[in-house]
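What follows is a single structure, written as structure tokens, with notes after it.
The values are calculated or read from the model by the stated rules, or taken from the named source; none is laboratory data. Every value quoted in this text rests on a predicted model; they were computed, and no experiment measured them. Cβ coordinates were reconstructed from backbone atoms using ideal geometry, including for glycine residues, and neighbour counts include every protein chain displayed.
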Protein chains: 2
Amino acid sequence: MNNFQFHNPTRIVFGEGTTSRLGELTAAYGKSILLVYGGGSIKATGLYDLVISQLSEIGATVHELAGIEPNPRLTTVNKGIELCRTHGIEFVIAVGGGSVIDAAKAIAAGALYEGDVWDFFTGKATIKKALPLGTVLTLAATGSEMNGNTVISHWDAKLKRGAGSPLLNPAFSILDPSLTYTVPRNHTVYGSVDIMSHVFEQYFSLTENTPLQERFCESILQTVIENVEPALADPNDKAARANLMWCGTMALNGGQISLGMVNDWASHGIEHEVSAIYDIPHGAGLAIIFPNWMRYVYKERPDRFAQYATRVWGIDATGKTEDELALAGIQATRDFFTRIGAESRLADFGIGEEQLDRMAEEAVRYRAIGSFKVLEKNDVREILRLSL
Amino acid sequence: MNNFQFHNPTRIVFGEGTTSRLGELTAAYGKSILLVYGGGSIKATGLYDLVISQLSEIGATVHELAGIEPNPRLTTVNKGIELCRTHGIEFVIAVGGGSVIDAAKAIAAGALYEGDVWDFFTGKATIKKALPLGTVLTLAATGSEMNGNTVISHWDAKLKRGAGSPLLNPAFSILDPSLTYTVPRNHTVYGSVDIMSHVFEQYFSLTENTPLQERFCESILQTVIENVEPALADPNDKAARANLMWCGTMALNGGQISLGMVNDWASHGIEHEVSAIYDIPHGAGLAIIFPNWMRYVYKERPDRFAQYATRVWGIDATGKTEDELALAGIQATRDFFTRIGAESRLADFGIGEEQLDRMAEEAVRYRAIGSFKVLEKNDVREILRLSL
């Protein structure tokens, strides 16, 4: 276990009906609000009306930025920043999933920065101040509701990049599982893949002596695996929805499950290059890439992959070599993603080898990626080729 | 899973050598410091000198309250409150284990309260403000380093009571596992029992649908069980000490492992009555009482106890009834506590039945205790009798 620091001041308000606390929670932060949301499903479900009524009860003035894209775009973020400056916004509220929350974070940081907000994503500048923000989560997936990270797409340049700061930790996040009952089926699928992928990036680590952290990771993986199919079978399954939502938050709340471990994040980096160009859902890209990353890297530490197979998938170790166990665990992952309805090949999205080189090049634009196995351009290209 | 709220702003700084960050971490909070510690072992180990040098480097004025008792006493807390008032203390630093931290918290609350600090422990008053505090933890056990709770003994009245407030969450806690290398052997034993007991109080719950929470609890229990004996065999075992320390913090950091679950805490309540009268180590009392509590209550939910037996102790379920499994898990707990050197009977401390009635009466002084099984006076008396 390495030395670490951990500080996560986000207040979590979890449970059915907790959206009705939005007004009370917001009141401490100001009355000039920017409300950020996506494609309008919150209007169809009545959530929008509830949010507006909560905010009018505290006498807030609400400006709106609707239409955040599934891979949120810099151009949209810039519209939000402009709204903040024009209207003297004091507090940003994100109502949606990871894309909406990430856009709100970028807006919160950009509003108080004189330069181009993209500077934070290229490393040209670091975030020194930000507007406070709160979230109402509508999808179990991102973890963004309890961390300080944001990922934004620069669509013209076909780049998708992350930035982060403790200043971007939401002041509060409302986690009401009942808001996820109505999400499209594939959002539940991709969100669950996303949660599992966040854990994979932390769990497959070369750091020694992290037994509690490994078990926390395995706990989330097992719980997601046993709850996805019930949630798909009955979208109103209260228990399954609550479990998935809490798993999503715990999987990526500032790395709490893997404190003192070196994380990898190469698969996310690779997926970002795919969705930067092809605009496919993040979770879909991860479902395609992760099992291929696993096959490509497992020999760095087959014991961890064998442990994954036995503890997470309950694969019987009797008579199996460590390599056989490891490969069985990887196959179980692939089979599970397929069984719940995620795509398994880039070809399922009509993606061929045309842009492999460019994606591989971009993935290592600043440096080689990953830590479990450090990946150079050729490695990334091979993982993408295996994913075709 | 019930609705819940979670907010834990304590900053954790974990790892060998992190005590050298004390000055830097303290500087933000003020220069008039009350330093609280115990029986002087920190002088023998050189920790005291390091702390003082850290605080002089930032130009702080340090007042000291030494001699905090293992079951910290109200009289000592009052001395600390007086020091705060006399010297205009701005920040309280606790260097020690749970007793020292709990005393520092009570001092931090009492210093800004005009009445008697004991009011917070009888429920006569609630904590509205408190001095900020930081901790340097020297024992893996309490969890107090990352929560807002404190337990104090009113020695004259033979009462031991708890109080709590988010205001008592340490601003920061330094968790340096190397500080635990030199603790007496029985502190490692009792500390580990304490950690496991904190998990038991949360894990044995009637709340339904909490699979992630249960697994988090089991993760800590398994990790403590596999690290105690290595730490006892080699007190300088870096890995074991780090794991025990992180388990202790995660086991009781505002209930994060059991969010949405109703906790029990009856065994702690019963133990408090024993140590309030007989001043035995908290962990020793828990090791005696918990297995007897388990036997007394397991029929409320034998499935949870059977799950405990198989998942935590790896007991083979083949051919066993649920009750047999449950009892095997309880026996494994008793055997483990005995194997690591904890006492198994009150008689080991010379405690007979003389005060059973009084302890049972005090345990339910305000109300029946527990939730897994609600315990009235006669129930408490019976658990104590089984523990003789």
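Filter segment B:46-60 down to the residues that are part of a helix (DSSP H, G or I) and surrounded by 16 or more Cβ atoms within 10 Å (Cβ to Cβ) and list them by number. If you could, list the steps in order and put the result at the bottom.
Filtering segment B:46-60 for residues part of a helix (DSSP H, G or I) gives B:47-57.
Hits for segment B:46-60 are B:Leu47, B:Tyr48, B:Leu50, B:Val51, B:Gln54, B:Leu55.
With the condition kept exactly as written, say whether any residue in segment A:13-28 is under 30 Å from A:Glu208 (Cβ atoms), among the aromatic types (Phe, Trp, Tyr) and part of a strand (DSSP E or B). Looking for residues that are under 30 Å from A:Glu208 (Cβ atoms), among the aromatic types (Phe, Trp, Tyr) and part of a strand (DSSP E or B), one finds none in segment A:13-28, hence no. In segment B:137-158, the residues that are farther than 25 Å from B:Ile257 by Cβ reach residues that are among the hydroxyl-bearing types (Ser, Thr, Tyr) and modelled with pLDDT of 95 or more with C-beta atoms within less than 8 angstrom, at least six apart or across chains, in these pairs: B:Trp155/B:Thr75.
Just to check your reading of the model, which residue among B:Gln202, B:Gln222 is touching a Pro at 6+ places or on another chain (Cβ under 9 Å) and either modelled with pLDDT under 95 or assigned to a helix (DSSP H, G or I) (or both)? Talk me through it step by step, then tell me what you get.
Values: B:Gln202 fails: touching a Pro at 6+ places or on another chain (Cβ under 9 Å).
Criteria check complete, one pass: B:Gln222.
Residue-by-condition table, conditions (1) assigned by TED's automatic domain parsing to the domain that holds B:Arg301; (2) over 20 Å from B:His272 (Cα atoms):
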| site | (1), (2) |
| --- | --- |
| B:Asn149 | no, no |
| B:Ala157 | no, no |
| B:Pro166 | no, yes |
| B:Gly191 | yes, no |
| B:Asn209 | yes, yes |
| B:Gln222 | yes, yes |
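Look at (1) exposed (fewer than 15 other Cβ atoms within 10 Å of the Cβ); (2) within 14 Å of another protein chain (Cβ to nearest Cβ) and you find that A:Phe14 fails only one, number (1). Whenever a residue of segment A:336-351 is of a type in the set (Ser, Thr, Tyr), its partners that are in a helix (DSSP H, G or I), lying with C-beta atoms within less than 9 angstrom and at least six residues away or across chains, give the pairs A:Thr338/A:Ala287; A:Ser344/A:Ala287; A:Ser344/A:Ile288; A:Ser344/A:Pro291; A:Ser344/A:Arg334; A:Ser344/A:Phe337; A:Ser344/A:Thr338. Restricting the first member to segment B:178-202 and to residues that are touching a residue at least 24 places away in the same chain (Cβ under 8 Å), and the second to residues that are of a type in the set (Lys, Arg), the beta-carbon pairs closer than 8 Å and six or more apart or on different chains are B:Ser178/B:Lys238; B:Ser178/B:Arg241; B:Thr180/B:Arg241; B:Tyr181/B:Arg241. Residues in segment A:214-226 that are over 17 Å from A:Ala140 (Cα atoms) and facing chain B (nearest Cβ under 8 Å): A:Arg215, A:Phe216, A:Glu218. Is segment B:195-209 home to any residue that is buried (at least 24 other Cβ atoms within 10 Å of the Cβ), within 14 Å of another protein chain (Cβ to nearest Cβ) and of a type in the set (Phe, Trp, Tyr)? Within segment B:195-209 (the criterion being buried (at least 24 other Cβ atoms within 10 Å of the Cβ), within 14 Å of another protein chain (Cβ to nearest Cβ) and of a type in the set (Phe, Trp, Tyr)), the answer is yes, since at least one residue qualifies. Scanning segment A:289-324 for residues that are touching a Leu at 6+ places or on another chain (Cβ under 6 Å) and closer than 30 Å to A:Ser275 by Cβ yields a count of 3.
Just wondering, is there one or more residues in segment B:30-44 that are hydroxyl-bearing (Ser, Thr, Tyr), at negative phi, within 19 Å of the chain's Cα centre (by Cα) and in the same structural domain as B:Leu131 (by TED's automatic domain parsing)? Within segment B:30-44, one or more residues are hydroxyl-bearing (Ser, Thr, Tyr), at negative phi, within 19 Å of the chain's Cα centre (by Cα) and in the same structural domain as B:Leu131 (by TED's automatic domain parsing). Determine, yes or no, whether B:Ile174 is assigned by TED's automatic domain parsing to the domain that holds B:Ala94, of a type outside the set (Gly, Ala, Ser) and either buried (at least 24 other Cβ atoms within 10 Å of the Cβ) or more than 19 Å from the chain's Cα centre (by Cα) (or both). Judged against the criteria, B:Ile174 is a match. Taken together, B:Glu69, B:Glu24 contain a single residue that is within 14 Å of chain A (Cβ to nearest Cβ) and of a type in the set (D, E, K, R), which is B:Glu24.
Filtering A:Arg311, A:Arg304 for residues that are surrounded by fewer than 24 Cβ atoms within 10 Å (Cβ to Cβ), out of contact with any Asp or Glu (no Cβ under 7 Å at 6 or more places or on another chain), touching a residue at least 40 places away in the same chain (Cβ under 8 Å) and under 30 Å from B:Thr310 (Cα atoms) leaves a single hit, A:Arg304. For A:Trp265, state whether it is within 9 Å of chain B (Cβ to nearest Cβ), touching a residue at least 40 places away in the same chain (Cβ under 8 Å) and either more than 27 Å from A:Ile383 (Cα to Cα) or not small (Gly, Ala, Ser) (or both). Against the criterion (within 9 Å of chain B (Cβ to nearest Cβ), touching a residue at least 40 places away in the same chain (Cβ under 8 Å) and either more than 27 Å from A:Ile383 (Cα to Cα) or not small (Gly, Ala, Ser) (or both)), A:Trp265 does not qualify.
Considering (1) part of a loop (DSSP other than H, G, I, E, B); (2) more than 9 Å from chain B (Cβ to nearest Cβ); (3) closer than 22 Å to A:Pro9 by Cα, the lone condition that A:Pro235 does not fulfil carries the number (3). Identification of helices (runs of 4 or more DSSP H) wholly contained in segment A:61-176 with 3 or more residues that are in contact with a helix residue (DSSP H, G or I) (Cβ under 7 Å, 6 or more places away or on another chain) yields A:74-87, A:98-110.
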